[in-house]
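Written below as structure tokens is the structure these notes are about.
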Amino acid sequence: MEYYAGIDVSLKESSVCVVDATGKLVREVKVGSEPECLVGYFDQLDFPVERIGLEAGPLSQWLHAALVAAGHEVILLETRHVKAALSAMTVKTDRKDARGSRNCSAWGGIVRSTPNRR
């Protein structure tokens, strides 16, 4: 079974949503927005996550680099496209944003953003 995750990043805590290949919700949690917290969370799961969707933003470069270095497949999702994909939501919450990022990572049809290299 394949699993996909989406992360909605905030300054202190990030909302993480994990579903299986059928779209069934497997986990939904809040995790500290530090690379060590997110890497630790994904490493402790009893199953591998196929792909993690992370909306491009101020903290995403840092988190993307740490998750990739830990061996996870992470895609940065272009902010404008994620916003358009989630615009049908009548009530916007971090939890719903994480679900939306997860959907975008599972679909693979959203334009990916490229991490800036310094």
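The values are calculated or read from the model by the stated rules, or taken from the named source; none is laboratory data. A quick note: this is a predicted structure, and the numbers were derived from the prediction, not measured. For neighbour counting, all protein chains shown are included, and Cβ atoms are generated from backbone atoms with ideal geometry for every residue, glycine included.
Points worth noting:
- Candidate set from the stretch 1-11 (those that are out of contact with any Pro (no Cβ under 8 Å at 6 or more places or on another chain) and farther than 18 Å from residue 56 by Cα); member that is surrounded by the most Cβ atoms within 10 Å (Cβ to Cβ): 2
- Selection count, the stretch 36-68, where residues are closer than 11 Å to residue 7 by Cβ and small (Gly, Ala, Ser): 3
- Of the residues making up the stretch 12-28, those that are modelled with pLDDT of 90 or more and surrounded by fewer than 13 Cβ atoms within 10 Å (Cβ to Cβ) number 1.
- For the stretch 19-41, the criterion of being over 18 Å from residue 73 (Cα atoms), in a loop (DSSP other than H, G, I, E, B), over 12 Å from the mean Cα position of the chain (by Cα) and among the aliphatic types (A, V, I, L, M) is satisfied by no residue at all.
- Selection count where residues are outside any helix (DSSP H, G or I), under 14 Å from the mean Cα position of the chain (by Cα) and either modelled with pLDDT under 85 or under 14 Å from residue 36 (Cβ atoms) (or both), scope the stretch 75-89: 2
- Condition met for residue 70 (on the phi < 0 side of the Ramachandran plot and touching a residue at least 40 places away in the same chain (Cβ under 8 Å)): no
- Qualifying residue in the stretch 55-74 (condition: β-branched (Val, Ile, Thr), assigned to a loop (DSSP other than H, G, I, E, B), surrounded by fewer than 18 Cβ atoms within 10 Å (Cβ to Cβ) and modelled with pLDDT of 80 or more): no
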